[in-house]
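Computed from the coordinates by the stated procedures, all read-outs in this text should not be read as laboratory data. Quantities reported herein were computed from a predicted structural model and do not represent experimental measurements.
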Amino acid sequence: MSIETDLQALGQTKYSQFRGETTINVGLSTLYPILERCKELGYEMLLDISSLDHLGEEPRFEMVYELATLDDSKHLRVKTKLAEGVDVPSAVPLWKTANWHEREVYDMMGIKFSNHPNMERILMWEGFPYFPLRKDFPLAGKESEMPDVAFSGIAPLEGGPFVTSPGSTRESGEPRAKGES
């Protein structure tokens, strides 16, 4: 029995194949039951959780779960779309590795996970009011009250011995290589 046939009973699924990997698009309301069933079907590893910002579209966000079997013989991608301000059910009860992945998605995109054991920022400091990977976050950054944090000026190592320039050769750009070739 294929994964498509087995998950069809849970409803709201659309399948696609690419390079031997199956992608399943599901509704947010069936996301957790489908992830639960995937684990029962042998997808023991949660490799990654990521998110996409489709600014200007509705729903705005999309969650992507990358699953695999322990022997790495099968991969499965599960996707769901959600509107801004809607919580996603946490996958931590199924895979403990979801903890940090979900915290990173929250920290960078502002997507919250219901029933998460520790929904706190993981990369930015507590109280940081923005979500840097959203498409509406300016590339130049935002002004900060903390002078040494999130600045948008010249990088402190620019032109230093360990920074290479675009288009530089191995000899001119890499300090360890000078004089070796």
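Between amide H atoms placed 1.01 Å from N, distances below 5 Å from residue 112 occur with 88, all of them 5 or more places distant or on a separate chain.
Of all lysines in the structure, the ones whose alpha carbon falls short of 20 Å from that of residue 39, not counting any fewer than 8 places away in one chain, are 14, 74, 79, 96.
How big, in percent, is the set of alpha carbon pairs in the stretch 102-142 lying more than 16 Å apart? Taking all Cα-Cα pairs of the stretch 102-142, the fraction more than 16 Å apart is 33 percent. Relative contact order of the stretch 78-135: 32 percent, from C-alpha pairs under 8 Å at least 6 residues apart in sequence.
Note: relative contact order over the stretch 3-150, using C-alpha pairs below 8 Å and six or more positions apart, is 18 percent. For the stretch 3-150, place one equal point scatterer on every Cα, skip the solvent, and apply the Debye formula. What is log10 of I(q)/I(0) at q = 0.09, 0.15, 0.19 Å⁻¹? For the stretch 3-150, the Cα-only Debye profile gives -0.31, -0.79, -1.16.
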